[in-house]
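**Student:** Pasting a structure here, questions to come.
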Amino acid sequence: MSQLLKEGNATFNMNEIEVGYLIWAKHNTWEVGMTGIVVSVNANQITVQFPNRIGSSTNHFIINAADVGLWKIRYSENLEKIMEYSEGGEKL
């Protein structure tokens, strides 16, 4: 289990995830997860850019630290080691 969130706070651990990381995330209201690249990260939110199905354009989604319990998240700097976060320690 990673330290994506700082203990006791609803803020992201910015030493754990950085711009350029690959990410897979699934909100609990989505049927399937989405993959993309972290393009912005601060203590309160992570912005992920992903290619859409049309082709030459991109889109994004935002993971807010306050809502992170609604997400299942996997992320990696280089795909050699894949970290994962799920509320309550649930294995993804």
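The values are calculated or read from the model by the stated rules, or taken from the named source; none is laboratory data. All values derive from a computational prediction rather than experimental measurement. Cβ: placed from backbone, ideal geometry, glycine included. Neighbour counts: every protein chain shown.
**Student:** Please find, within the range 21-52, the residue that is surrounded by the fewest Cβ atoms within 10 Å (Cβ to Cβ) out of those that are assigned to a loop (DSSP other than H, G, I, E, B) and aliphatic (A, V, I, L, M).
**Tutor:** Val32
**Student:** To continue, here is another question. Taking the conditions exactly as written (surrounded by 13 or more Cβ atoms within 10 Å (Cβ to Cβ), modelled with pLDDT of 90 or more and within 12 Å of the chain's Cα centre (by Cα)), does Ser86 satisfy them or not?
**Tutor:** no
**Student:** Name every residue in the range 59-79 that is assigned to a strand (DSSP E or B) and among the charged types (D, E, K, R), in order of residue number.
**Tutor:** Initially, the range 59-79 is screened for residues assigned to a strand (DSSP E or B), giving 59-64, 71-76.
Residues satisfying the conditions are Lys72, Arg74.
**Student:** Next question, about the same structure. Are any residues in the range 53-64 surrounded by 11 or more Cβ atoms within 10 Å (Cβ to Cβ) and within 18 Å of Trp30 (Cα to Cα), and if so, which ones?
**Tutor:** Once the filter is applied, which keeps residues that are surrounded by 11 or more Cβ atoms within 10 Å (Cβ to Cβ) and within 18 Å of Trp30 (Cα to Cα), the range 53-64 yields Asn59, His60, Phe61, Ile62, Ile63, Asn64.
**Student:** Going residue by residue through the range 5-26, is there one that turns out to be at pLDDT 90 or above and of a type in the set (S, T, N, Q)?
**Tutor:** The answer is no, given that none of the residues of the range 5-26 is at pLDDT 90 or above and of a type in the set (S, T, N, Q).
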